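The structure appears below as structure tokens.
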Amino acid sequence: MRRGTRIAVIGAGLGGATAAAWLQREGFAVRVYEQARSLERIGAGIHVSANVMKVLRHLDAEHRLSQIGNHPDTFTSRKWDSGEVLFELPLGETGKQRYGASYITVHRHDLHAAILEKVAPGTIAFGRQLTAVQQNGDVVQLSFADGSEAAADVVIGADGVNSKVREAVVGPSPSRFTGAVAHRAIYPSTRLGGMQVRNCTKWWGPNGHILIYYIEQSRNDIYLVTSAKGEWHSQASWELCRREEVINAFAGFHPEVRTVIETAPQHSKWPILDIAPIDTWSRGRLVLLGDACHAMMPYMASGAGMAMEDAAVLARCLVQLADHAAAFALYQTSRMPRVSKVRRISAENSFLRSPTDPTWVFGYDAVNVPLGTQQY
Ligand SMILES: Cc1cc2nc3c(=O)[nH]c(=O)nc-3n(C[C@H](O)[C@H](O)[C@H](O)COP(=O)(O)OP(=O)(O)OC[C@H]3O[C@@H](n4cnc5c(N)ncnc54)[C@H](O)[C@@H]3O)c2cc1C
């Protein structure tokens with residue numbers, strides 16, 4: 001597309017920030033509108049697998065993140081009560097050779113900051129919650145909750161699971177509570193009093209699971225994230241929760257797990273939401289990426305990775321093709337098969353539980369994959 005094209009990105013999450021950074025490097029006039037007043041350091045870790053590191057490499061953010069992040073030697077699946085090792089996937093140097101980049105675990109805020117650093121200062125307008133989108137001929141009019149307005153030639157809806165842009169693309173399609181909640185806690189590993197925790201382990205139980213890993217190379221902080229059956233009645237995106245709730249949900253788990261839960265000074269709780277599958281990711285001058293078009297269960301630790309890959313492939317399509325409609329069509333053709341597969345396996349919650357070859361996930365390279373081939 002013409003480089004003067006005004007591109008508005010709605011949402012400065014991991015997908016939106018990646019799209020903004022990439023498109024700006026290509027010379028587009030990018031403006032990002034984010035509803036939050038600022039981006040806070042919420043308590044969450046994240047897996048950044050080799051396929052995601054390749055996107056970061058293109059943005060010159062890989063090195064910095066690699067220095068901060070924890071590089072697990074393996075991803076280990078263990079049985080909830082006995083601790084029996086069900087599967088151990090080699091990562092570290094072996095993974096790097098096999099998949100073309102490192103696999104790290106990191107604080108989510110550090111990942112976000114590393115991407116935002118690549119977005120030109122002043123690009124993001126904070127405190128701007130999109131309330132309406134109107135396409136008038138060749139221009140899209142955007143209205144925000146604070147009464148302000150803006151115009152753009154192309155709008156990328158990277159506004160997450162409760163996307164407003166999605167409404168304008170496919171009509172009402174509210175997010176759904178899946179019946180599962182995720183408990184999270186981050187705390188200094190010194191609190192464990194010298195107990196050795198096996199890094200990057202998923203403990204598989206009959207009614208839930210828990211992942212435990214470090215989020216910095218220094219191993220100063222340990223992180224736990226669970227999935228358990230639960231209810232959600234709040235409008236908030238997360239809330240603090242009593243430690244007893246987590247202890248009860250994981251009673252009977254291996255002593256190592258119980259110690260990590262019991263030692264946490266504070267737990268939070270998050271509803272796990274998804275959306276019904278949609279098969280149209282664009283309409284006119286609007287296009288969706290990430291959770292806005294395929295929010296999924298987080299059981300492959302790949303939702304953000306898919307959003308960032310989407311951003312890379314969409315940007316490549318916009319660079320390659322003069323017409324936005326052709327670019328959006330090429331983008332959807334290129335991305336939908338891969339995202340659908342990840343979504344399906346995430347819902348099954350089977351990934352890496354038993355011997356698995358994950359090369360199709362981690363070996364993928366959104367920067368170089370031929371566009372439109374449905375290759376993954
Ligand atoms: C418990 C849990 C663990 C997870 N672990 C991992 C993991 O290890 N690895 C991984 O890859 N993924 C993981 N995920 C998934 C991942 O968090 C999401 O898939 C990812 O954040 C989606 O990115 P996004 O940019 O599409 O949307 P979001 O990150 O949700 O960003 C959307 C942005 O849009 C803004 N916004 C929303 N509405 C508006 C509006 N109307 N106007 C303006 N701005 C708006 C929001 O404030 C937000 O900043 C996990 C998810 C959960 C729940």
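For Asp279, Asp291, Asp310, what's the largest-to-smallest order of accessible area, 1.4 Å probe? Don't skip to the end; give the middle numbers.
Numbers: Asp279 115, Asp291 60, Asp310 0 Å².
I get Asp279, Asp291, Asp310, largest accessible area first.
Carbon-plus-sulfur fraction of the accessible area of region 75-125, 1.4 Å probe, in percent?
On the way: 1010 of 2120 Å².
Whole-percent figure for carbon plus sulfur exposure: 48.
Let me know the Kirkwood hydrodynamic radius for the chain, please, with Cα pairs as the basis and the value in Å to one decimal. Intermediate results must be reported in sequence, preceding the final value.
Numbers: mean 1/r = 0.0473 Å⁻¹.
Result for the chain stands at 21.1 Å.
In percent, what relative contact order does the chain have, based on Cα pairs under 8 Å that are 6 or more apart in sequence?
Details: 817 pairs, mean separation 82.9, N = 376.
It rounds to 22 percent for the chain.
Pairs of alpha-carbon atoms within less than 8 angstrom and 6+ residues apart define the contacts here; what relative contact order does region 229-350 have, in percent? Spell out each step's value before the answer.
Details: 109 pairs, mean separation 24.8, N = 122.
Relative contact order here is 20 percent.
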Problem set entry | For Asp221, distant residues with modelled amide H under 5 Å away | Ser189, Ile215, Glu216
For this session: Output ³J(HN,Hα) for region 40-56: one whole-Hz value per residue in order, computed from phi by the Karplus curve 6.51 cos²θ - 1.76 cosθ + 1.60 with θ = phi - 60°, and x for Gly and Pro.
Result: 9, 8, 6, x, 8, x, 8, 8, 10, 7, 4, 5, 7, 4, 5, 5, 5
Seminar exercise, completed: Rounded to the nearest 0.05, FRET efficiency between Glu40 and Trp360 (Cβ-Cβ, R0 30 Å) equals 0.30
Exercise. Residue by residue through region 131-142, which ³J(HN,Hα) values in whole Hz follow from phi under the Karplus form 6.51 cos²θ - 1.76 cosθ + 1.60 (θ = phi - 60°), with glycine and proline marked x?
Worked result: 10, 8, 10, 9, 9, 10, x, 8, 10, 10, 9, 10
For this session: Please figure out what share of the DSSP beta bridges in the chain is antiparallel and state it in percent, rounded to the nearest 5.
Result: 75
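Residues with beta-carbon under 14 Å from that of Glu117, excluding Glu117: net charge, scoring Lys, Arg +1 and Asp, Glu -1?
Details: positive: Arg25, Arg64, Lys118; negative: Asp60, Glu62, Asp110.
In short, 0.
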Problem set entry | Karplus 3J(HN,Hα) series, Hz, for region 143-149 with 6.51 cos²θ - 1.76 cosθ + 1.60 (x for Gly, Pro) | 10, 10, 4, 7, x, 7, 9
Problem set entry | Average accessible area per residue (Å²) across region 201-320 - probe 1.4 Å, nucleic acids and ligands excluded | 38
For this session: Would you please put 109-120, 5-16, 254-265 in order of how densely packed they are, using the mean number of other Cβ atoms within 10 angstrom per residue and starting with the highest?
Result: 5-16, 109-120, 254-265
Seminar exercise, completed: Charge tally for neighbours of Phe87 with beta carbon under 10 Å away, counting Lys, Arg as +1 and Asp, Glu as -1, is +2
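Suppose all protein chains stay in the model; what accessible area per residue would a 1.4 Å probe give for region 79-129, in Å²? Walk me through the numbers on the way to the answer.
On the way: 2300 Å² over 51 residues.
Per-residue value: 45 Å².
Tally Lys and Arg at +1 and Asp and Glu at -1 over the other residues with C-beta under 10 Å from the C-beta of Gly290: what net charge comes out? Display every interim value, and only then the final one.
Values: positive: none; negative: Asp159, Asp291, Glu309, Asp310.
My count for the surroundings of Gly290 gives -4.
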For this session: Have a look at Gln141, Gln332, Gln24 and tell me which one the Gaussian network model of the chain (Cα, springs below 10 Å) gives the largest fluctuation.
Result: Gln141
For this session: Measure off 7 Å from each Cα along the Cα-to-Cβ vector at Gln67 and Arg2, then give the distance between these two points in nanometres to one decimal.
Result: 4.2
For this session: Give me the distance between the Cα centres of region 1-72 and region 319-354, rounded to whole Å.
Result: 18
Exercise. Placing +1 at every Lys and Arg Cβ and -1 at every Asp and Glu Cβ, with all other atoms neutral, what dipole size does the chain have around its Cα centre, in debye to the nearest 20?
Worked result: 200
For this session: Compute the acute angle (0 to 90°) between the alpha-carbon long axis of helix 303-320 and the principal axis of greatest extent of the alpha-carbon atoms of the chain; round to the nearest 10°.
Result: 30
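The values are calculated or read from the model by the stated rules, or taken from the named source; none is laboratory data. Source: prediction; values computed, not measured. Here the Cβ is made from the backbone with ideal geometry for all residues, glycine too, and neighbour counts use every protein chain on show. Ligands, DNA and RNA are excluded from the accessible area calculation, which covers all protein heavy atoms including side chains. Shrake-Rupley method; radii C 1.70, N 1.55, O 1.52, S 1.80 Å.
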